[in-house]
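Visitor: One structure is given below, represented as structure tokens, and several questions about it will come after.
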Amino acid sequence: MMKKIYLVIAVLVFMLTGCEKDLNLYPLTELSTDSFFKKENDFKIFANQFYDYLPGFGTCGRDEDADITYDASVISNGTYFESASSGLYNNSYSRIRKTNDLLTAFDNLEDEQLKEKVQIYRGEALFFRALLYWHLYRDFGGVILVDKPLGLEDPLLYAARNSRTEVADFILNDLNEALKTPIGSLTGTDNSGRITKEAVQALKARVALFEGTWAKYHSTGGNYNGYLQQAIDASKSIIDGGKFALFDRRDVLGEDSYRYFFTLETERKSNPVGLGKEDQNEIILANKYSQSLRNRGYSWVVIGWDDLSPTKKMMDMYLDSNGLPIAHANSVFKGYDSEIDPDTKLATNWEYVDRDPRIRTNHVQPFDQYWYHIPYARDFTETPEELVGTGAFHNGWCPSSLTGYTPYKFCNEIAQPIANDYPVFRLAEMMLIYAEATFEKDGSISDNDLNKSINQLRARVGMPDLTNGFVADNSLDMLTEIRRERTVELFMEGFRYDDIRRWKIAEVEMPKTIKGMKWGGTMFENPFEIYNPVTAQVESVDLRGIHRYELDANGFLIIEDASLRKWEPKHYLKPLPLRQLQINENMVQNPGWIGQ
């Protein structure tokens with residue numbers, strides 16, 4: 001009797017802990033598929049849960065794992081180590097199991113009319129399975145491919161990892177299969193935000209660029225030109241399709257048009273002229289939020305918090321107003337100093353003058369007025385005098401910024417709760433993919449191709465075109481400029497960590513000292529007086545003691561010294577969770593990590 005009790009306990013423990021390996025261990029009968037998946041609406045209801053799998057604003061934090069924003073990330077400085085489990089790993093396989101449930105139910109349908117009607121949801125399941133494997137593959141490389149619900153005795157539970165090429169091809173094949181379905185054909189308000197064929201093409205372009213450049217620079221032996229061509233074709237289909245257009249409302253919002261694009265709401269006025277989500281056509285797929293149905297409650301980025309503090313490296317990437325790098329001999333860059341006019345008591349921060357306007361729309365410069373959205377509810381009709389004492393506007397130094405540089409992108413100007421969407425895919429990224437993949441494949445890019453991609457991004461913020469003649473005349477490198485444009489345009493959207501890994505430049509960039517703004521030898525070192533337009537008063541400011549960092553020889557804040565940073569070859573891939581190695585002897589760890 002006692003042995004039977006121990007056996008039952010052992011089985012229960014196995015079921016509870018074994019799910020760390022692959023949550024597909026749950027039996028298919030858990031879903032009662034004999035009684036479910038009988039009507040068209042069953043498939044729709046089941047597919048609806050997949051939309052919770054879309055990435056959201058937390059994706060912005062992946063930039064902290066790189067070198068353009070800082071928040072003491074253990075990924076960024078290479079001090080992380082193997083762990084027993086991984087939420088990414090476990091959650092992804094749990095969700096993959098659900099996509100496989102729907103796909104298997106579809107395959108088992110005998111009613112051909114119903115099968116035709118639910119092809120749309122088969123397409124959605126294929127898209128989300130591809131998305132989930134993409135999230136695994138970009139961090140871990142090769143993983144176990146599971147394309148069906150698993151029982152307790154299925155050999156796949158203890159299978160070896162598939163190669164990274166096999167995983168990439170599996171993802172792309174799922175997306176190609178999804179394109180054969182009528183995905184995106186549902187219409188009506190209730191179906192707003194569902195996956196479209198363009199969203200499928202967008203994920204295909206992103207994955208193909210990643211694997212193409214990884215294979216090229218890591219010499220993995222894959223047909224990188226084949227992947228790059230897929231990236232070109234997929235991104236081009238969206239660009240040429242004419243369904244999407246870059247958001248540019250400088251006619252009514254001026255230079256701030258670009259900044260307000262990332263905070264558009266529909267149910268509340270979130271910009272001076274009341275434009276809403278329906279007034280943009282750039283976002284291909286959004287993780288959608290609503291004030292009344294599904295609000296986020298708070299902003300991911302709040303000025304005054306220390307998260308996502310931009311680094312000097314990021315700030316230096318913005319070109320001057322003539323399209324030249326600021327270190328170029330002919331640049332009109334005026335340097336990093338700040339000064340106060342002795343008569344007007346107004347501050348000028350020369351680092352932000354004569355630069356790509358995105359340096360102003362992506363960042364708050366010291367002593368700008370900026371919206372502090374807690375707790376005041378703004379309606380954009382107030383005068384500065386009416387705002388005095390409300391706490392709505394701040395005018396001054398941001399003491400919580402770790403680097404002295406402050407993000408502005410995604411910062412909302414209305415009170416909580418908020419509901420601006422997260423752009424999972426947008427046209428700008430497709431243009432950047434098209435330009436990069438074209439150059440990486442051919443070793444060159446024509447001015448016509450630049451005009452259909454990067455130069456459209458520059459035009460909407462008033463920057464001059466990038467041309468082959470300009471690059472040659474100024475001794476620039478075209479690939480460097482294409483990559484620079486990508487980093488600037490996609491700042492705070494979580495791409496940089498993946499980019500420097502696939503380009504295989506992380507070993508060069510990551511061990512460098514993380515620096516902040518120039519402090520030594522500037523006005524910030526001593527007390528000063530400045531005019532505050534919010535209070536209409538000249539105020540005394542003393543910033544001594546705000547930052548207690550060391551300074552380099554040129555007076556820049558040393559946020560994290562190179563001696564505290566490292567990047568080893570093993571860091572190009574994250575370690576698989578140790579629990580997986582323990583329960584599956586066929587699982588091989590990534591190179592350099594414990595358990596290899």
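Visitor: Quick one: which of 67-77, 464-474, 487-497 comes out on top by average Cβ neighbours within 10 Å, and what's the full order, highest first?
Guide: 487-497, 67-77, 464-474
Visitor: Through the Karplus equation 6.51 cos²θ - 1.76 cosθ + 1.60, θ set to phi - 60°, convert the phi angles of segment 185-193 into ³J(HN,Hα) values in whole Hz; use x for Gly and Pro.
Guide: Computed from phi, the couplings for segment 185-193 are 8, 5, 10, x, 4, 5, 9, 5, x Hz.
Visitor: If you don't mind, there's one more thing I want to ask. Classify segment 47-174 from the C-alpha gyration tensor, please: rounded if a/c falls under 1.5, else prolate or oblate depending on whether a/b exceeds b/c.
Guide: prolate
Visitor: Add -39500 (n - 2.57) for each DSSP H run of 4 or more in the chain, then divide by its residues: what number comes out at 222 nm, to the nearest 500 deg cm²/dmol?
Guide: For the chain, the value works out to -10500 deg cm²/dmol.
Visitor: So how tilted is helix 164-179 from the main axis of the chain? Cα-based, degrees 0 to 90, rounded to 10.
Guide: On a 0 to 90 degree scale, this one is about 90.
Visitor: Taking 0.36 nm per residue of sequence separation and subtracting the Cα-Cα distance, how much length would be gained by fully extending the chain between LEU114 and LYS148, in nm to one decimal?
Guide: Once the chain is fully extended between LEU114 and LYS148, it gains 10.1 nm.
Visitor: Going through segment 52-156, which trypsin sites (Lys or Arg not before Pro) have at most 10 other Cβ atoms within 10 Å and a DSSP loop state?
Guide: none
Visitor: Could you work out how much longer the chain between PHE81 and SER475 gets when fully extended? Use 0.36 nm per residue separation minus the Cα distance between them, nm to one decimal.
Guide: Stretched out fully, the PHE81 to SER475 stretch lengthens by 137.6 nm.
Visitor: Using only Cα atoms, what Kirkwood radius does the chain have, in angstroms?
Guide: Averaging 1/r across every pair of different Cα atoms and inverting gives 26.2 Å.
Visitor: Can you tell me the Rg and the Dmax, both Å, for the Cα atoms in segment 103-174?
Guide: Considering segment 103-174 through its Cα atoms, Rg and Dmax are 14.1, 41 Å.
Visitor: With a ≥ b ≥ c the root eigenvalues of the C-alpha gyration tensor of segment 138-230, is it rounded (a/c under 1.5), prolate (a/b larger than b/c) or oblate?
Guide: Oblate, since a/c reaches 1.5 and b/c is not below a/b.
Visitor: In vacuum, with every alpha carbon of segment 438-545 counted as one equal point scatterer, what does the Debye formula give for log10 I(q)/I(0) at q = 0.11, 0.16, 0.23 Å⁻¹? Two decimals, please.
Guide: -0.62, -0.89, -1.28
Visitor: Using only the alpha-carbon atoms, how far is helix 478-489 inclined from the longest principal axis of the chain? Give it as 0 to 90 degrees, nearest 10.
Guide: 90 degrees
Visitor: Taking square-rooted eigenvalues a ≥ b ≥ c of the alpha carbon gyration tensor, is segment 210-354 rounded, prolate or oblate, where a/c under 1.5 means rounded and, failing that, a/b exceeding b/c means prolate?
Guide: Verdict is oblate for segment 210-354.
Visitor: Here is a follow-up. Applying 1/(1 + (r/R0)^6) with R0 = 60 Å to the Cβ-Cβ distance of ASP465 and THR344, what FRET efficiency is obtained, to the nearest 0.05?
Guide: With a Förster radius of 60 Å, E is 0.95.
Where a number appears in this text, it was derived from the coordinates with a stated rule and is not lab data. All figures in this text were calculated on a predicted structure; none of them were measured in a lab. Neighbour counts run over all protein chains shown; Cβ positions are idealised from the backbone, glycine included.
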